[in-house]
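The values are calculated or read from the model by the stated rules, or taken from the named source; none is laboratory data. Given the structure is predicted, the values throughout are model-derived calculations rather than measurements. Positions of Cβ are generated from backbone atoms using ideal geometry, with glycine treated the same way; all protein chains shown enter the neighbour counts. In case anyone asks, the SASA skips ligands and DNA or RNA and just uses the protein heavy atoms, side chains included. Shrake-Rupley method; radii C 1.70, N 1.55, O 1.52, S 1.80 Å.
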Amino acid sequence: ALAALEPHFDSGLSVRGVRFGDAIVRKARWDFAQLLEWEHFLVPVIREVIDRRPFGGGVSVVRNRVRFALPDSTAMRLVERRFAALDLPCDLIHLEIGGRLVPTSW
């Protein structure tokens, strides 16, 4: 895949000091559209569980997961319990405590 893409990019292309030629291509379980669909499905579930309390969320392309930052451990336990009842696929979500996620930090 990298060999096919390389001619379309400048040889000096870098992101945060990583060169394009040094990239590692891995098979992912979900594509970006699928992760967005999962996020759109899960956000209302979280809202239902923690009511109007603020939380952050988004798609992590690097980790191939939907991530949510919850306001505290009580909210996390409630969301974990609700998600467990949904029988979600393994490694689909990552929950953390921390208020709002900043998309550029993942």
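Assorted remarks:
- Among the residues of this structure, Arg47 does not count as one that is closer than 22 Å to Pro89 by Cα, open to solvent by 40 Å² or more (accessible area, probe 1.4 Å), in contact with a helix residue (DSSP H, G or I) (Cβ under 9 Å, 6 or more places away or on another chain) and modelled with pLDDT of 90 or more.
- Breaking point among (1) exposed (fewer than 12 other Cβ atoms within 10 Å of the Cβ); (2) in a helix (DSSP H, G or I); (3) at pLDDT 90 or above, for Cys90: (2)
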